[in-house]
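See structure below.
The values are calculated or read from the model by the stated rules, or taken from the named source; none is laboratory data. Note that this is a predicted model, so its numbers are computed, not measured. FYI the Cβ positions are ideal-geometry reconstructions off the backbone, even for glycines, and counts take in every protein chain you see.
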Ligand code: ADP
């Protein structure tokens with residue numbers, strides 16, 4: 001479970017990005033985080049994987065108070081969480097296989113397991129046949145599929161996706177959504193920031209709407225609220 005209790009975040013320049021936020025996300029949920037730029041979505045997401053620290057309040061991930069985690073323990077904590085970015089963040093000099101394997105090598109997985117795990121994930125994202133390709137030899141959608149494979153190869157409990165389809169065309173966007181749904185069906189919690197109204201209105205899941213650092217709506221099977229743009 002992800003739990004925020006009275007969480008506020010003020011950046012050093014004085015911007016209050018998150019204000020007194022309270023929210024619970026249960027294991028296995030699929031949650032969209034929506035609304036205009038600057039509303040605090042990325043800050044919210046970064047706080048979940050401890051990329052940003054809270055200024056006030058507490059965050060619990062799986063019962064663990066994450067503000068108390070010492071810096072040197074952060075890599076261990078992050079094994080619980082996979083992250084997918086809008087711009088994929090693959091290592092350009094490594095092949096598809098190596099990019100995914102890298103996530104296992106850093107946690108010192110035994111070599112005999114690495115190949116099986118990497119190939120399983122490449123199968124899930126339908127890229128086994130391109131295992132030896134470099135990222136520059138792939139389309140945007142394929143690169144995002146590699147990044148998803150890398151993010152889940154450690155079997156994290158939570159997958160965070162910050163605008164994962166932001167750079168993709170509509171067809172590719174639906175392919176990525178199918179993969180994310182499949183991952184969610186296996187029990188992984190998904191928290192996805194998005195501007196894509198069509199996705200949110202078609203694949204109906206919980207929708208958390210941010211405005212100026214606060215949650216202004218939280219609906220279990222919501223849609224992207226067009227009429228009440230300002231509530
Ligand atoms: P969103 O993801 O909804 O676009 P952000 O969480 O990125 O929103 O930003 C919320 C607010 O915090 C904005 O006013 C933004 O300018 C500010 N902000 C975000 N990151 C930083 C940072 N590293 N330093 C200072 N201000 C920031």
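Descriptive notes on the structure:
- Residue 9 meets all of the listed conditions (1) buried (at least 19 other Cβ atoms within 10 Å of the Cβ); (2) modelled with pLDDT of 95 or more; (3) within 26 Å of residue 203 (Cβ to Cβ) but one, namely (3).
- Restricting the first member to region 209-227 and to residues that are within 12 Å of the ligand (Cβ to nearest atom), and the second to residues that are at pLDDT below 90, the beta-carbon pairs closer than 6 Å and six or more apart or on different chains are 209/35; 210/35; 210/39; 211/35; 211/39.
- Strands (runs of 3 or more DSSP E) contained entirely in region 122-231, each with at least 1 residues that are surrounded by 18 or more Cβ atoms within 10 Å (Cβ to Cβ) and in contact with a helix residue (DSSP H, G or I) (Cβ under 7 Å, 6 or more places away or on another chain): 158-162, 189-193, 206-211
- Test for residue 75: is it surrounded by fewer than 21 Cβ atoms within 10 Å (Cβ to Cβ), in contact with a helix residue (DSSP H, G or I) (Cβ under 6 Å, 6 or more places away or on another chain) and over 22 Å from residue 209 (Cβ atoms): no
- Scan of region 80-124 for residues that are in contact with a strand residue (DSSP E or B) (Cβ under 9 Å, 6 or more places away or on another chain) and more than 28 Å from residue 195 (Cα to Cα), ordered by number: 103
- Hey, residue 105 at pLDDT below 95 and within 17 Å of residue 162 (Cβ to Cβ) or not: no
- Failed criterion for residue 93 (all others in (1) touching a helix residue (DSSP H, G or I) at 6+ places or on another chain (Cβ under 7 Å); (2) surrounded by fewer than 18 Cβ atoms within 10 Å (Cβ to Cβ); (3) not in a helix (DSSP H, G or I) hold): (1)
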